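Just below is one structure, and these are the notes that go with it.
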Amino acid sequence: MAVRMTAGKGGEFYVPYENRTGCESIVYFTRDLSAAGLQKIYKKVSGVLHGKVAIKLHTGEQHGPNIIPRPWVKNLFEKELGIFDDATIIETNTFYEGDRDTTEKHRKTLEVNGWTFADVDITDEFGTTTLPVKGGKWFTEMSVGKSLPDYDSFLALTHFKGHVMGGFGGSNKNIGIGCADGKVGKKWIHEADSGNQWGIAMEELMERMAESTKATIDYFAGSIAYINVLRNMSVSCDCEGVAAAPVVTPNIGIVASLDICAIDTASVDLVYALKEEDHHDLVERIETRHGHRQLSYMKELGMGNNKYVLIDLDNDECRIRPADAVTHVVPFVG
């Protein structure tokens with residue numbers, strides 16, 4: 001359920017690494033934007049997965065051009081995920097009207113977009129349930145798809161990109177919005193008591209989204225991993241489908257971690273490490289929407305660290321700085 005509080009400030013400002021405090025987490029990095037690259041980095045974080053595994057990814061609106069390529073995910077299912085009792089792609093219906101706001105339309109969109117090689121569980125198809133939000137100021141609980149608690153472990157497989165309201169969409173958005181059910185949880189996050197479907201924005205939206213995420217990651221604590229794919233990064237979310245803004249930000253690579261705050265922070269750092277002319281549009285989108293509040297609030301909630309050791313899987317697993325990681329960006333081919 002929702003409660004009324006006051007939002008924090010500062011989400012428009014980037015915090016340089018040297019100004020951060022606290023412990024460091026591990027974040028893995030590869031420039032290899034391919035099925036093999038995804039498989040390689042997955043192995044670094046897959047040890048926490050077991051039993052019935054939920055694979056949360058954004059399957060996209062019909063014909064969406066920027067989602068994670070289906071062949072990459074299919075390869076992961078065939079080469080790695082088959083060892084589990086059950087590995088299932090999970091989604092929820094959308095709050096907005098579109099190709100996925102009902103289960104019937106959602107199933108059709110999954111078929112159109114080629115997500116037919118694995119089971120897909122639309123977790124709110126048969127109702128909702130709630131998970132507690134510990135230490136939140138906006139929520140005491142979050143409404144999620146009814147079948148979400150049926151899983152033993154969780155992999156957030158995220159296409160990192162911009163977002164019209166969130167500034168950017170990383171693991172936090174993929175889980176916080178993507179696991180909240182379409183009619184109750186998403187409404188709590190976006191609308192509250194305003195009566196306006198998109199009445200919540202900027203600092204408050206970032207905080208509500210992070211609290212929703214916290215409900216899910218607390219439930220799967222110790223059995224959850226995160227992968228962000230920094231490719232085809234439009235300033236638009238994949239929920240905009242073919243209407244998404246053109247991609248003008250160079251591809252960077254793939255990152256993975258067991259720390260959600262660290263992986264989303266590292267993803268943002270990698271974007272900022274690009275040349276100004278290359279990151280201008282995406283950075284502007286992040287800052288004008290106060291997207292950095294996603295990161296600072298996750299840290300405040302104890303969801304992870306904003307400092308990390310970046311391990312370069314392409315160079316003998318050496319430790320590198322984000323600015324060095326993008327020196328030789330490998331363009332996506334295929």
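When the Cα gyration tensor is reduced to axis lengths a ≥ b ≥ c, the ratio a/c is 1.5 or higher for the stretch 193-324, and with a/b not above b/c it is classed as oblate.
Between residue 13 and residue 276, the contour length at 0.36 nm per residue exceeds the alpha carbon distance by 93.1 nm. The ranking of 94, 59 from fewest to most other beta carbons within 10 Å of each one's beta carbon is 94, 59. Local charge for residue 89 was computed over the other residues whose Cβ lies under 9 Å away, with Lys and Arg +1 and Asp and Glu -1, and equals -2. Ordering of 45-52, 210-217 by packing is 210-217, 45-52, highest average first (other Cβ atoms within 10 Å, averaged per residue). Along each principal axis, taking the top coordinate minus the bottom one, the Cα set of the stretch 17-325 gives 47, 42, 37 Å in descending order. Restricting the chymotrypsin sites (Phe, Trp or Tyr not before Pro) of the stretch 146-250 to loop positions (DSSP other than H, G, I, E, B) with no more than 14 neighbouring Cβ atoms within 10 Å leaves 198. For the stretch 1-105, GluC sites (Glu not before Pro) meeting the loop criterion (DSSP other than H, G, I, E, B) and having at most 15 other Cβ atoms within 10 Å: 97.
Summing +1 for each Lys or Arg and -1 for each Asp or Glu among the other residues whose beta-carbon sits under 11 angstrom from that of residue 76 gives +3. Stretched out straight at 0.36 nm per residue, the stretch from residue 242 to residue 24 would grow longer than its current Cα-Cα span by 74.6 nm. Checking every one of the trypsin sites (Lys or Arg not before Pro) in the stretch 263-293 against DSSP loop status and a limit of 10 other Cβ atoms within 10 Å picks out 275. Which of the residue pairs 40/105; 52/173; 40/146; 134/187; 74/134 have a Cα-Cα distance greater than 29 Å in the structure shown? Table pairs above 29 Å Cα-Cα are 40/105; 40/146; 74/134.
A simple count of charges around residue 14, restricted to other residues whose Cβ falls under 10 Å of its Cβ and scoring Lys, Arg +1 and Asp, Glu -1, yields -3.
Read the figures in this text as sums done on the coordinates, not as results from a lab. Model, not experiment: these values are computed from the prediction. Neighbour counts run over all protein chains shown; Cβ positions are idealised from the backbone, glycine included.
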